[in-house]
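**Q** One structure, as structure tokens, below. Some questions next.
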Amino acid sequence: MRGLRHSRVDFRKKKLVIAGAINRQEKVFERHGVEISRKTMGGWLPTVAELLDPLYHAAKKVLFESKVIGTDDTGVKVLDPKLSFARTGRIWPYVGDARHPVVGYDYTATRGRDGPAKFLEGYTGYLQADAYSVYDAFFRPERGLTESGVFVCRCSTGLCWHARCLRLVRPGKKFSLRVRNRSGVV
């Protein structure tokens with residue numbers, strides 16, 4: 001039994017500290033003569049998540065003390081047993097300011113407004129985000145969020161982050177730069 005308990009500790013360290021994928025960890029255990037299936041390790045994940053829940057809430061509390069929170073979303077492939085293909089879920093990082101250097105992450109199945117709205121519930125301050133229309137409702141006076149400086153340009157790719165356009169724009173092509181900054185904070 002001691003070996004299995006040690007394997008659980010090793011699994012948690014590799015999964016959480018070095019973000020090792022379960023299939024790779026299964027191979028590592030096999031090389032050491034320990035057979036632990038991916039299904040078993042996957043079953044341990046809810047327990048690990050439950051143990052980390054107080055840390056998550058403490059980090060979110062510190063994050064919400066930030067004057068400015070920056071966010072954007074990133075697509076991740078998600079296997080769905082109901083579909084014959086991998087769909088795209090979203091990871092939303094929320095980055096605190098210099099005095100509150102915390103990064104919180106949230107996952108949503110879609111790119112809709114509900115995920116960020118739920119995560120940011122209770123936060124009042126500046127939100128720095130791209131020009132994605134989901135954020136527009138957050139900047140109504142009753143919501144308590146203020147739009148921070150977002151550099152956006154229009155080029156042949158449409159509306160996007162200025163840094164991305166700088167990589168895409170070739171010398172000689174014209175584009176216009178506009179700055180959305182209603183708050184005075186950049």
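The values are calculated or read from the model by the stated rules, or taken from the named source; none is laboratory data. These numbers come from a predicted model, not from an experiment. Ideal geometry is used to build each Cβ from the backbone, glycine not excepted, and the neighbour counts take in all protein chains shown.
**Q** I'd like to know if the stretch 135-152 contains one or more residues that are within 22 Å of VAL68 (Cβ to Cβ), in contact with an Asp or Glu (Cβ under 9 Å, 6 or more places away or on another chain), modelled with pLDDT of 90 or more and not in a strand (DSSP E or B).
**A** Checked against the condition, which is being within 22 Å of VAL68 (Cβ to Cβ), in contact with an Asp or Glu (Cβ under 9 Å, 6 or more places away or on another chain), modelled with pLDDT of 90 or more and not in a strand (DSSP E or B), the stretch 135-152 yields no hits at all.
**Q** Right, here's the next one. Would you check if THR40 is of a type in the set (S, T, N, Q), free of Cβ contacts under 8 Å to residues at least 60 places away in the same chain and assigned by TED's automatic domain parsing to the domain that holds GLY125? Steps first, answer last, please.
**A** Values: of a type in the set (S, T, N, Q): yes; free of Cβ contacts under 8 Å to residues at least 60 places away in the same chain: yes; assigned by TED's automatic domain parsing to the domain that holds GLY125: no.
No.
**Q** Against the condition of a type in the set (Gly, Ala, Ser) and exposed (fewer than 12 other Cβ atoms within 10 Å of the Cβ), how does ALA131 come out, does it pass? Break it down stepwise before answering.
**A** Details: of a type in the set (Gly, Ala, Ser): yes; exposed (fewer than 12 other Cβ atoms within 10 Å of the Cβ): no.
Judged against the criteria, ALA131 is not a match.
**Q** Given the residues GLY104, GLY115, GLY89, which is the only one that is touching a Phe, Trp or Tyr at 6+ places or on another chain (Cβ under 7 Å), farther than 21 Å from GLU147 by Cα and of a type outside the set (A, V, I, L, M, F, W, C)? Can you show your working first?
**A** Details: GLY104 fails: farther than 21 Å from GLU147 by Cα; GLY115 fails: farther than 21 Å from GLU147 by Cα.
Exactly one residue qualifies, and that residue is GLY89.
**Q** For the stretch 105-144, name all the residues that are without any contact (Cβ under 8 Å) to a residue 40 or more places away in the chain and among the small types (Gly, Ala, Ser).
**A** Residues satisfying the conditions are ALA109, GLY112, GLY115, ALA117, SER133, ALA137, GLY144.
**Q** Conditions first: (1) touching a helix residue (DSSP H, G or I) at 6+ places or on another chain (Cβ under 8 Å); (2) not assigned by TED's automatic domain parsing to the domain that holds ASP136. ARG113 passes all but one, so which condition is the exception?
**A** (2)
**Q** Now a separate question. Take the stretch 31-49 and flag every residue that is of a type in the set (A, V, I, L, M, F, W, C), over 18 Å from TYR107 (Cα atoms) and in a helix (DSSP H, G or I).
**A** To start, the set of residues in the stretch 31-49 that are of a type in the set (A, V, I, L, M, F, W, C) comprises 34, 36, 41, 44-45, 48-49.
Now restrict to residues that are over 18 Å from TYR107 (Cα atoms): 34, 36, 41, 44.
Scanning the stretch 31-49 gives MET41, TRP44.
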